[in-house]
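Right, one structure below, let's go through it.
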Amino acid sequence: MEISDSTVRERVDVLVIGAGQAGLAMGYHLARIELSFLIVDPGPEVGHAWRSRWRSLKLFTAGQYNSLPGLQFPAEPDTYPGRDAVADYLQAYAAEFDLPVRLRTTVERLSRNDGRYVAETTSDSIEAEQVVVATGPFQVPFTPGIAGDLDPALTQMHSAAYQGPEDLPEGTTLVVGAANSGQQIALKLSQSRPVDIAVGQKLPTLPQRWLGRDLWWWLSTTRLARIPVTSRPGKRLSQRDVVIGGGLRQLRKEGVGVRPRVTSAAGRALTFEDGEEAEYEGVVWATGFRSDHSWIDVPAVRDEGEQIRHRRGVTDAPGLYLLGMTWQHTRTSALLGWVGIDAAYIAEQIAETRRTQAERGAPVAMGSS
């Protein structure tokens, strides 16, 4: 496996930006269509993004549903691996297929010049005929502006920075945000202190297991996991997240106080939508992430909301693709065990673009220089 911090300029057929599950699955398929490619990632090691998340994190997909193409995830069926197991698996995956990964490399600008893409990185620039942006859905942590109204002495952090209960002082803690991450964090914190969770919107909850089967067995068997976002039910479902597991009922059972949306903050106190106010010793903002593609400087690829416009990851710019986005094609597009399906689709588009270029007589052979 070529894992390097070299500053040597590269010219490749395909550049993959991001070495998480999406980028590695992309690499697997690219290796099978015999194109020169490079995967770059800002992390110090493969799997760093997973290993940086909170220690008690558990997947809501059972072991048998977490495999990338070509390599079984090493977990017993109906067990729910943690963050380190995923990070270890991604490292093993990159090594198993000898994927060319360059670490500690951040792409600061992607532009298009004379029919080729130019990625300006922290070390050098890389030219490619085609580019796959596989940076995933968790890019920039979002914290509401009212966080700035809290006492600077109050310990507060986004869930992206939270590692475990020891990061917070003893005393009552508020978790803001009740999607899967917020509920997992609140449940763990409740084992060592009083915890409230603020619910901005009540999300549908699905049980992890039903009638002796894992949820994803049902979703796969009924093909509900493959409903495309372009369908009528897909468009409706993509507008709301879903909590998998015990939900608010389980949190209440464990003693977690459930509060409505936070509306304001001052000092050590937060005010909720019902008018009640409470003081806290610590706050965890499990308020999600925002996509940041501001570094993509390619004309005519954004919609009115400045988001990259795409159809199943294929953008309006020839040879530019997205991979691993939430609801890129289905509910499972960003999930470990399913991202390989979209990666295979993008690989087909890359191969077809390559064939079209060859038929038109365009120069396509690049390789390394």
Residue count, the stretch 85-97, condition of a type in the set (Phe, Trp, Tyr) and not in a loop (DSSP other than H, G, I, E, B), comes to 2
Expected single match for of a type in the set (Lys, Arg), outside any loop (DSSP other than H, G, I, E, B), surrounded by fewer than 21 Cβ atoms within 10 Å (Cβ to Cβ) and in contact (Cβ under 8 Å) with a residue 12 or more places away in the chain among ARG109, ARG104 is ARG109
How many residues does the stretch 33-59 contain that are in contact with a helix residue (DSSP H, G or I) (Cβ under 6 Å, 6 or more places away or on another chain) and either in the same structural domain as GLY164 (by TED's automatic domain parsing) or in contact (Cβ under 8 Å) with a residue 40 or more places away in the chain (or both)? 9
Is it the case that some residue within the stretch 71-84 is buried (at least 17 other Cβ atoms within 10 Å of the Cβ), in contact (Cβ under 8 Å) with a residue 24 or more places away in the chain and assigned to a helix (DSSP H, G or I)? yes
Considering every residue within the stretch 267-276, establish whether at least one is in a helix (DSSP H, G or I) and among the basic types (Lys, Arg). no
Can you find, within the stretch 112-138, the residue that is farthest from THR353 (Cα to Cα) among those that are among the acidic types (Asp, Glu) and in contact (Cβ under 8 Å) with a residue 40 or more places away in the chain? ASP124
Filter result for ALA94 (closer than 25 Å to GLU120 by Cβ, buried (at least 23 other Cβ atoms within 10 Å of the Cβ) and in contact with a His (Cβ under 9 Å, 6 or more places away or on another chain)): no
Every residue in the stretch 16-70 that is surrounded by fewer than 19 Cβ atoms within 10 Å (Cβ to Cβ), in a loop (DSSP other than H, G, I, E, B) and polar (S, T, N, Q), please. SER36, SER52, SER56, SER67
Checking the conditions here, which among ALA153, ALA178 is buried (at least 18 other Cβ atoms within 10 Å of the Cβ), outside any strand (DSSP E or B), outside the structural domain of LEU336 (by TED's automatic domain parsing) and among the aliphatic types (A, V, I, L, M)? ALA178
Members of the stretch 233-256 that are closer than 16 Å to GLY177 by Cα and part of a loop (DSSP other than H, G, I, E, B): ARG240, ASP241, VAL242, GLY245, GLY246, VAL256
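Give me the residue from the stretch 121-137 that is crowded, with 16+ Cβ neighbours inside 10 Å and of a type in the set (Ser, Thr, Tyr) and, out of that set, farthest from the chain's Cα centre (by Cα). So that I can check it myself, show each step before the final result.
Kept after step one, since they are crowded, with 16+ Cβ neighbours inside 10 Å, are these residues of the stretch 121-137: 121, 123, 126-137.
Filter once more, keeping what is of a type in the set (Ser, Thr, Tyr): 121, 123, 135.
Numbers: THR121: 21, SER123: 25, THR135: 7 Å.
Taking the candidates together, the pick is SER123.
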Quick check on my filter: what residues within the stretch 48-73 are closer than 23 Å to ARG209 by Cβ and among the hydroxyl-bearing types (Ser, Thr, Tyr)? SER56, THR61, TYR65, SER67
Residue count, the stretch 215-238, condition surrounded by 14 or more Cβ atoms within 10 Å (Cβ to Cβ) and closer than 17 Å to ARG311 by Cα, comes to 6
Yes/no for GLU166 being modelled with pLDDT of 95 or more and either closer than 16 Å to THR155 by Cα or not in a loop (DSSP other than H, G, I, E, B) (or both): yes
Which of the residues belonging to the stretch 283-297 are among the aromatic types (Phe, Trp, Tyr) and in a loop (DSSP other than H, G, I, E, B)? TRP295
Select, from GLY70, GLY82, GLY18, GLY47, the only residue that is modelled with pLDDT of 95 or more, among the small types (Gly, Ala, Ser), within 23 Å of HIS329 (Cβ to Cβ) and out of contact with any Gly (no Cβ under 7 Å at 6 or more places or on another chain). GLY70
Filter the stretch 298-321 down to residues that are in a strand (DSSP E or B) and surrounded by 14 or more Cβ atoms within 10 Å (Cβ to Cβ) and give me whichever is modelled with the lowest pLDDT. ARG302
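Each row is one residue, and each column tells you yes or no for (1) part of a strand (DSSP E or B); (2) among the aliphatic types (A, V, I, L, M); (3) without any contact (Cβ under 8 Å) to a residue 60 or more places away in the chain.
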site: GLY324; (1), (2), (3): no, no, no
site: GLY337; (1), (2), (3): no, no, no
site: ILE341; (1), (2), (3): no, yes, yes
site: GLU348; (1), (2), (3): no, no, yes
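The values are calculated or read from the model by the stated rules, or taken from the named source; none is laboratory data. Keep in mind it's a predicted model, so treat the numbers as computed, not measured. So basically every Cβ, Gly included, is an ideal-geometry build from the backbone, and we count neighbours across all protein chains shown.
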